[in-house]
Structure formats: structure tokens, C-alpha cells
Amino acid sequence: MRILTSLTATVVLVHSAAGPVCAQITNPLPATVDKLGLTVEIEDVARLPETRNLRPVDQDVTPTGWARVSFVRDLPDGRRFANDSRGFLYLLDGDRPLLYADVAAAFPFANYNRLESGFIGFDFHPEFARNGLFYTVHSERAPGNPATPDFVPPGYTAADATYHNVITEWRANDPRASTFEGTRRELLRVAHVVMNLTHPFGNVEFNPTARPGDPDYGLLYTSGSDLGFSNGGGPNANNPSQTQRLDSVITAILRLDPRSPSVTNGTKGLGDYTIPALNKFAADGDPATLGEIYAYGFRNAHRLSWDLMDGTMFASDIGMNHIEEINIVHEGGNYGWMRREGYWENGIFRPGGALNQLFELPANVLNGRNQDEFTYPVAIYDHNEGQAVSGGFAYYGEIDALRGKFVFGDVQRGRLFAANVEAMKAADDGIPATVAPVEEIQLYVRDASGARVYVSFRELVERTMGASMARADLHLSRSRDGEIFVTSRQDGMIRMLVPGR
Ligand SMILES: [Ca+2]
């Protein structure tokens, strides 16, 4: 015992002599996320049709899930749409879902065996009412697939592909019709080379604050993810050399002009779309940087949103073993992955280091006196509190208690969180250690007599399904009036946060 103590002391001394020690961290945020009095009512809106047993059990990530709703979208004309990731786009007639487009039938190579797989996301062009355009992102298996990817991660070939990730433009012949009839055009097809379909492109978004004539108007943003080069499995995963580079779409949020260069006469991107000339990495005069990159360094920034008051752009980035992040996105920003997770150093770049390790940043970096090349999150929580951050929205709707708050949650546990939007913007200060405090929202429903019944979202899902759930599979969407939809990929229900009576 005496010898061990002596050895430990020697090791510490050697490190001290070599410079400041940045210790490994196992519990990065000891404080818990607590309920501080925010209580909000939640109501059922509609339930998507049951699609259980549509596919063999081994080809469905959650065979027991009623329907796998991921996004709800409102058109300016009041029509409301929602997707089932098993391959269906619905038009909601009140609480009655009508099949708008059979996306599964359009893509026979699609796979449905992962959390983000199948028909993952969609968005409408801001001029859908006139041009009938909307965009989808989905996944396909690569073996036997006749299509050729537009992008393969550096150092690999199409023969290494395990999955394809595809963004498609759909054009409705009649935008007013309640069933899709029209044509499609493939915009971008990206190859995955890790074993599992992990962290694919999962979202397409138009900036809802851009108006006709604005530079951002009609430009399509994608989610930004590491395509599984962290924990996607197989020999090609755990690969930091695929990150922190601008010659690759890996970890990058892209911004595209979805129009074909054959129409715009502009610069062709990796796929059949135009690179916006205003993009920073298009205008940098460097042919080695991809012009479609808007910002990079994300592990799985699977949801984007914009503050409807001032256009601030947010990204929810799911962390590795420790930290979940809300980021304010600035064009050209490097958000750190795999070098950073939250405001810690990830261990993977250290000799013998690993992705599940965090180390303290030097104090003069943490406090912003010596700024490094990374942009840090404005709100965070750790894996004692949840496992995967959901999308979120700066809220200015009818619920008094939530106005001025950024509403988000944890996908897996189904907890709902809030942080003050102004505190988040104040934390966007170049100082890694400043972040906005996060609190939990207490939900309630009304019983038959109108009395409040406090519930968790997960309890609501379990009641609907009549079974306990390993995951809540929570996602958030925003209505055209700025209200919040809360959905689950387990029970297929679309719910809404509503003003209390
Ligand atoms: Ca900060």
C-alpha cells in the first residue's frame, strides 16, 4: 500500500513538471436538471395509422411501434402533414390522416432497421403552393443497389458502401391535391461505409424566416452528422481522421440551392443541385473546400430550427457518451466533433484515447481568454439526465409559461426541457464555459372532471400502447402558429403543448 501511494505521487509529479494536467472527467455536469415550476398541458391531436407488422421483425428497428412519426409540418394554407418513417407521408384532415404519398413504394431499396432510417424527414419549398416542390431524405441499403453515390467518404470507394443516404425533390402536378401525383428528381446520394446506418442525413429544412428576395430564401439546409464514423460499428468506425475536414460532407450542415445547375447555370454541387454563390466555402477561392458546407464539426445535429423573431439558427447535436448540445449555428463555424464534446476535449485524438473519454479544457481556453478554433454549445445536459437531445424551438406562442424559452427534450427518455432564449444568445459569447441553465417542464393532462393529472411524456406513450417502453422516442415539431407538436415513434400519436385553461 505504501509503495502504491508513493508511485501515484511520483506520476502526478512528473505530469506537473510537464505542464498543466487536464484531467479525465467522468461526471461532467454533477448538477441535475430539475423541475422549477414550469407546468404545461399536453393534448392529443391525431394518431397516424398503425403500420406494425408491415415488414419482417428483423427489418424494423421497433417492430412494436404503432407508427414512427418524426416530423409534423404545416403549410401556410393550413394543411398539416406528418410522416411515418416506415415510408408514408400523410395529410391530416383534422384528426384523420389521409395518405398523401407512398414514399416506401417509390424507394424499393429503402431500409428500416435503424432509429434514423427509412423515410426520415421532409420539408416543403416555401413556394410549394405555386411550384408543388417538397423534399425528402431517406436511406437505402447499398448491396445490390444500382444507384451510384455522388459522395463517398475520403479514402473509400462505392464498393465499400453499406448504405446510401438520399435527398429527393418531389414535384406535385397539382399542389392543392390531397394525394400526390407528380415527378421526382434525386438531388444527392451519399455513401455510408460503417457497418450500421448511424447518424445519416436525417433532416431537410428551409429557413422559415427568409422572405422572397432575402439571400437565404429557397435554400435547403441539411442536418449535419458524422455518418457513423464515431460508433457506427465495423472496421471503418471510430475514425477521427474522417472529421475536422472541409473536403467532406461528414459532420457538416449543408446549404444548397436545390435547383439543378442546368436551370440556374450556377456551380454544380456534389449532386444535381446548385452551390449558393454566397456560401462561405464557395466564395473562399479554395477548391479543396466543399462549397455546400455551411457549418461543420457536428456528431449528429439531426434537427435545425430558426428563431422566428430574429432568425437565429439552432442545431441539436446528439453527443457520444456524455454531453447533449444545443448550438447556435454561424456560417463557417467548426463545432468541434470529434475534438470536442460540449466544452470538453474528447479523448479520441489522444494516443490510446477513446471516444467515451472527456478531458477538461485548459482553464484559459474554458474561460475564453485564449479562444481556440471551435464554436461551443449554448445549452447542454449530460447522460445522467438523458441520452439524445431532440430538436427544439425558440417559443413565442400562446403558452405564457414558455414564451421566450427554447423548448427541447430528450429523445430516449421523453423528458421535456426549457432554457431562456436570451440566456442562450448571451452564452453565444466565445466563452466555452458559459451556457444557459436548463430546467425540466412538468406536463399534465386533464381527467374527465377537468382536473390536472401530472404525467411524464413517457407515461403518456406507455398508456397509449398499454406496455412499458424502453424508449419514448420523442420528437418535436412546430406549427405554422409557432406551437409545439410532441410526437413519439412508439405510439404514433401527435400531441401538442397547449395553453392551460
Ligand atoms: Ca458560451
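Nothing in this text is a laboratory measurement; each read-out follows from the coordinates by a stated rule. If you're wondering where the values come from, they're calculated on a predicted model, not measured in any experiment. Here the Cβ is made from the backbone with ideal geometry for all residues, glycine too, and neighbour counts use every protein chain on show.
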Kirkwood Rh and Cα-based Rg: tell me the resulting Rg over Rh for segment 280-322, rounded to two decimals. 1.09
Against the 2.2 N^0.38 Å scaling, with N counting residues, where does segment 12-134 land? I'd like the Cα-based Rg ratio to two decimal places. 1.66
Once amide hydrogens are built 1.01 Å from N within the peptide plane, the residues lying 5 or more places from ARG340 or on another chain with amide H under 5 Å from its amide H are ASN346
Can you put GLU483, GLU345 in order, fewest other beta carbons within 10 Å first? GLU483, GLU345
Between GLU43 and ASP247, what is the label-point separation in nm under the 7 Å Cα-to-beta-carbon projection? 5.6
Test of understanding: ordering THR64, THR243 by Cβ neighbours within 10 Å, fewest first, what list do you get? THR64, THR243
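Please give the calculated 222 nm ellipticity per residue for the chain, where each DSSP H segment of at least 4 residues contributes -39500 (n - 2.57) and the sum is spread over every residue; nearest 500 deg cm²/dmol?
Numbers: 7 runs with 49 residues, N = 501.
Helix contribution divided over all residues of the chain: -2500 deg cm²/dmol.
Taking each pair of different alpha-carbon atoms in segment 380-432 once, compute 1/r for the pair, average those values, and report the inverse of that mean as the Kirkwood hydrodynamic radius in Å to one decimal. If you can, show how the numbers build up before the last one.
Details: mean 1/r = 0.0834 Å⁻¹.
Hydrodynamic radius (Kirkwood, Cα only) of segment 380-432 equals 12.0 Å.
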Name the aspartates and glutamates eligible as straight-distance cross-link partners of LYS35: C-alpha to C-alpha under 15 Å, and not fewer than 8 places from it in the same chain. GLU385, ASP410, GLU439, GLU440
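Just check segment 138-186 against the gyration tensor rule for me: Cα atoms, a ≥ b ≥ c as the square roots of the eigenvalues, rounded for a/c under 1.5, and otherwise prolate or oblate depending on whether a/b exceeds b/c.
On the way: a/c = 3.96, a/b = 3.04, b/c = 1.30.
Since a/c reaches 1.5 and a/b is larger than b/c, the shape of segment 138-186 is classed as prolate.
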Could you work out how much longer the chain between ASN356 and ARG211 gets when fully extended? Use 0.36 nm per residue separation minus the Cα distance between them, nm to one decimal. 47.9 nm
Distance histogram for segment 28-75 (every C-alpha pair counted, 10 angstrom bins, percent rounded to whole numbers): 17, 27, 24, 26, 5
With no solvent and one equal point scatterer per Cα, compute the Debye intensity ratio I(q)/I(0) for the chain at 0.06, 0.08, 0.11, 0.13 Å⁻¹ and report its log10, rounded to two decimals. -0.27, -0.48, -0.92, -1.30
Normalised by the empirical 2.2 N^0.38 Å for globular proteins, what value does the Cα Rg of segment 221-338 take? 1.09
Please enumerate, by chain and number, the lysines with C-alpha under 21 Å from the C-alpha of LYS268, excluding those fewer than 8 residues away in the same chain. LYS280
Compare the peptides 163-171, 91-99, 286-294 by average per-residue count of other Cβ atoms within 10 angstrom and give them in order, highest first. 163-171, 286-294, 91-99
